[in-house]
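Worksheet: one structure, shown below.
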Amino acid sequence: MRPRAIAVVVPAHDEEALLPRALTALDAARGHAAPTGVRVVTVVAADRCRDATAAIARLAGAHVLPVDYRNVGLARAAAVAHALDVLGGPAGVWVASTDADSAVPADWLAFHAARGREGWDAVVGTVTVDARSPAARGAAARHQRLYYATRPPDGPWRHPHVHGANLGVSAEAYVRADGFPPLPLGEDQALVAELVRRGGRVLRTPDCPVATSGRLRPRARGGFGDDLAALAARG
């Protein structure tokens, strides 16, 4: 597949504090992807937001899709559907998913586009934890030790993790897999599992990790942030 466009999707619920950093990072990544001639469309699904999330996204030039789900699976899927409508369908489109509390590296979109050209149906990436408070830093250090426990001393690491903050998929493969399911948690894992079940070429790689927030009061209950909070509680 030679991507003609990249659809960046960002679900957000009351993320006025962290969304500016996420969008600034995406803008830098767009600048790296632009020389390749790939069009980039960013859609922020503002899910039941009571703050300035939508206004911040519009000011940054993103497409804003207000939704009232309070469900990350539905919000992420709605953002993809909106992006594909803007781009005229899934043919030649790569979907790049991240989160409103995360900052992608500058080469992130170029990296995903390159993997699409290599023929991968999906790229399942890793994250690092951007922890600011002492409690969060301690939890992040413990998390990272557990996170990399399966990494071999040499050779490629086909890691076991799945993060909506660092996930890419061919839009055509995404449609064949019926997209993100309407789950309040684990929609990213479910999509990857379905891609694998259907025989998709899925690359699990630690290259090009995304920095995600180390906050200990997460938006989604039972997810990554709760794992960090549990580690922090252990002291």
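The values are calculated or read from the model by the stated rules, or taken from the named source; none is laboratory data. Note that the structure is predicted; figures quoted are calculated from it, not measured. Note that we place each Cβ from the backbone using ideal geometry, even for glycine, and neighbour counts take in every protein chain shown. For the accessible areas, the whole protein counts, side chains as well, though only heavy atoms, and no ligand, DNA or RNA atoms are used. Shrake-Rupley method; radii C 1.70, N 1.55, O 1.52, S 1.80 Å.
Observations on the structure shown:
- Whole-number D in µm²/s for the range 1-105 (Stokes-Einstein; Kirkwood sum over Cα pairs; 25 °C, 0.890 mPa s): 182
- Kirkwood Rh, Cα atoms: Rg over Rh of the range 58-126: 0.96
- At q = 0.21, 0.23, 0.25, 0.34 Å⁻¹, base-10 log of I(q)/I(0) for the range 163-202 (Debye sum, equal scatterers on each alpha carbon): -0.58, -0.69, -0.82, -1.35
- Kirkwood Rh, Cα atoms: Rg over Rh of the range 128-186: 1.08
- Calculated accessible area for the range 19-90 comes out at 45 Å² per residue, all protein chains present (probe 1.4 Å; ligands, DNA, RNA ignored).
- When GLU118, GLU194, GLU187 are compared by accessible area of protein heavy atoms, the largest-first order is GLU118, GLU194, GLU187, using a 1.4 Å probe.
- Peptide ranges 59-69, 173-183, 88-98, 143-153 listed from the most packed, as the mean C-beta count within 10 angstrom indicates: 88-98, 173-183, 59-69, 143-153
- Top positive-direction residue, dipole computed over the chain with Cβ charges, set GLN189, VAL162, GLY138: GLY138
- The distance linking the range 1-65 with the range 87-141 is 12 Å (Cα centroid to Cα centroid, whole angstrom).
- Each 10 Å bin from 0 upward holds the following percent of the Cα-Cα pairs of the range 98-172: 16, 40, 34, 9, 1.
- Per residue Cα convex hull volume in Å³ - calculated over the chain: 117
- Carbon + sulfur, % of accessible area of the range 86-191 - ligands and nucleic acids excluded, 1.4 Å: 56
- Charges were assigned to the Cβ only: +1 to each Lys and Arg, -1 to each Asp and Glu. The resulting dipole of the range 1-152 about its Cα centre is roughly 400 debye.
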